[in-house]
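**Q** To start, I am sharing the structure in question, which I have written as structure tokens.
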Amino acid sequence: MEIDKAIKECDDRRLKTKYNNAIYVIQRALALYSIEEVAFSFNGGKDSTVLLHLLRAGYFLHKGEQSCSNECVKDFPMRTIYFESPSAFPEINSFTYDAATTYGLQLDIIRSDFKSGLEDLLKSKPIKAIFLGVRIGDPTAVGQDQFSPSSVGWPPFMRVNPILDWSYRDVWAFLLTCKVQYCSLYDQGYTSIGSIHDTVPNALLSINNSSDNKEVFRPAYLLSDGRLERAGRVKKLPPSVRGNKPAAINGLDGVGLHKSGLLMASAIAVGDEILFGTVEDQLGPSLCRKLHSIGWSVSQTVVVRNDIDAVAEEVEQRQSTDDMVFMYGGVGPLHSDVTLAGVAKAFAVRLAPDEEFEEYLRHLIGDQCTGDRNEMALLPEGITELLHHEKLIVPLIKCKNVIIFTATNVLELDEQWNCLIELMISDGGLATMQPFVSRHLTTNLTDVEIAQPLSKLCLEFPDLYIGCRRKSRKEPLIIYFEGKDQDQIQSAIEALCKKFHPGAFVETAVVQLVL
């Protein structure tokens, strides 16, 4: 078998270990189930391509070299499930059908939604286990082992994950060592392929082509940090909305795309208790400081009523104008918890049960829940991504460019924010830019004396934010300068001081916001 031979002859000890472990899982599954009772979920991506060849090698070794010829392996007898989506890249479809022809795959094509199609397939076929190309770090990998029963609400089958512990580096080491064909998109800079609506080449692989100004990308296997493989999974705006904004937002490539601009965020609090003055909103100011610490500008913070239409109207407006929208409040089982319903309405989708989220809630709540537990597991359908972190009991919820926090106090927000930063910066979902610097001056000058010079100063330094405030009428006026260019701030301060007598201003603080 050519795959087994290539691995045995290579010098990569790590790859050999990963390969042997994966083959063991495959052989174990083939010992537990007959070939008619297993299937392979293939999507044309790099991970499932690795799994295809591992399964070929595992089947060959399971049958025994003496009793199974290479011709036997060429016509691979394992049933293969392919979900054909209208939003898939044409290159993915072409590669999948070419692979089916080359290796004699028995394709069962699902053209409905995957869950319904799988239910119909399992009713008609005696499938008891499905091999999946899931790896640690994938959104669906949390809580899974190499053998894991299907989630609650799904048809019953055993999920078999031979490459669960493989890294991005391991995947490419295997493909290159074994010299097998993979989808051509990976040679064009794509590192993680979703749909045509949310996938672009990874900006970290971009090459400047001075000859014709056409952007060129290095192949996926040259990405130096595998943790950033999902940096190309971003939101793409239609041309009518995009204007002068970059085509890809919310991604790590924003670091390069926004060198001369700003990434903009807004914060939406949901809660009548804040509007009634029953409680003071402490999360909003804390969130603004956190956003400034990663170099983002905040366009607006707003508090809306516990009303689905009010939430939907605000989300619809902010998500179309800002790069990211952060929400808190109104999440839970109470009648007043309408945040998720409002988000769903803003994006014109329905709320639907999410089996994975329901599992988390069941482990968290257990038998304490007296109502319908499914009510709490309803999430906006088709736009929701669960952000998993080992420090979070329940994952954060991301709906396109809207992040929903479940925090009820500053300490909880700190924890969720730190997890969010770790997750989204590592996979390219949240760009970090140069943080803001703030310098504060105090003066005993009156507001009337300083008003006109400050107005002129703002015109001279349009890239800085220059503001004033007093702690009380009897205390000195505080003037603060905020921006990202310390030299520019220094120039503005010197220009202001020249307009008045020496000693008119005293510097009290220099603050660089950090995480």
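Read-outs: derived from the displayed coordinates by stated rules, not from any lab. Just so you know, these numbers come straight off a predicted model, no measurement behind them. Backbone-built Cβ (ideal geometry, glycine too); neighbour counts: all protein chains shown.
**Q** Expressed in nm to one decimal, what extension gain is obtained for the pair His389 and Ala348 from 0.36 nm per residue of sequence separation less their Cα-Cα distance?
**A** Fully extending the segment from His389 to Ala348 adds 11.9 nm.
**Q** Continuing with the same structure: Apply 1/(1 + (r/R0)^6) to the Cβ-Cβ distance of Ser87 and Thr278, taking R0 = 41 Å, and write down the FRET efficiency to the nearest 0.05.
**A** 0.35
**Q** While we're here: Could you tell me how far the Cα centroid of the stretch 255-332 sits from the Cα centroid of the stretch 5-22, in Å?
**A** With the stretch 5-22 and the stretch 255-332 each reduced to a Cα centre, they are spaced 49 Å.
**Q** Looking at the stretch 261-426 only, what percent of DSSP beta bridges run antiparallel? Nearest 5 please.
**A** About 40 percent, rounded to the nearest 5.
**Q** Related question: Between Asp165 and Leu411, take the C-beta separation as r, use R0 = 35 Å, and let me know the FRET efficiency to the nearest 0.05.
**A** That gives a FRET efficiency of 0.55.
**Q** By counting other Cβ atoms within 10 Å of each Cβ, how are Val152, Val50, Val338, Val448 ranked from fewest to most?
**A** So the residues, fewest neighbours to most, are Val448, Val152, Val338, Val50.
**Q** Also, quick follow-up: What is the sum of charges, Lys and Arg at +1 and Asp and Glu at -1, for the other residues whose Cβ falls under 11 Å from the Cβ of Pro380?
**A** Around Pro380, the surrounding residues sum to +1.
**Q** Using the count of nearby Cβ atoms within 10 Å as a rough guide to exposure, how do Lys128, Lys46, Lys115, Lys123 rank from fewest to most?
**A** Numbers: Lys128 17, Lys46 25, Lys115 13, Lys123 9.
Exposure proxy ranking, most exposed first: Lys123, Lys115, Lys128, Lys46.
**Q** Students often get this wrong, so check it: of Lys18/Lys125; Lys474/Lys498; Lys345/Lys400; Lys391/Lys484; Lys46/Lys179, which have C-alpha atoms separated by over 22 Å?
**A** Violating the 22 Å limit, Cα to Cα: Lys18/Lys125; Lys474/Lys498; Lys391/Lys484.
**Q** Continuing with this model, one more query. Once the principal axes of the Cα atoms of the chain are found, what is the range along each, listed largest first in whole angstroms?
**A** 97, 64, 41
**Q** Can you say what percent of the DSSP beta bridges in the chain, counting only those with both residues inside, are antiparallel? Round to 5.
**A** Within the chain, antiparallel bridges account for around 55 percent of the total.
**Q** When the dipole is taken about the Cα centre of the chain, and only Lys, Arg (+1) and Asp, Glu (-1) are charged at their Cβ, what size is it in debye, to the nearest 20?
**A** Computed charge dipole of the chain: roughly 940 debye.
**Q** Nearest 0.05, what FRET efficiency do Lys471 and Leu262 give at R0 = 35 Å with Cβ-Cβ as r? Spell out each step's value before the answer.
**A** Details: r = 29 Å, r/R0 = 0.83.
Calculated value: 0.75.
**Q** Ok, one more. Could you name the aspartates and glutamates in cross-link range of Lys8, using Cα to Cα under 19 Å and dropping any fewer than eight places away on the same chain?
**A** Of all the aspartates and glutamates, those that pass the test against Lys8 - Cα under 19 Å, at least 8 places apart if same chain - are Glu65, Asp170.
**Q** Round to the nearest 10 and give me the degree value, 0 to 90, for the angle of helix 90-103's Cα axis relative to the longest principal axis of the chain.
**A** Relative to the chain, helix 90-103 is tipped by roughly 20 degrees.
**Q** Let me ask another. Can you tell me which aspartates and glutamates have their Cα less than 19 Å from the Cα of Lys128? Leave out same-chain residues fewer than eight positions away.
**A** Leaving aside aspartates and glutamates fewer than 8 places away in the same chain, those within reach of Lys128 are Glu36, Glu37, Asp108, Glu119, Asp120, Asp145.
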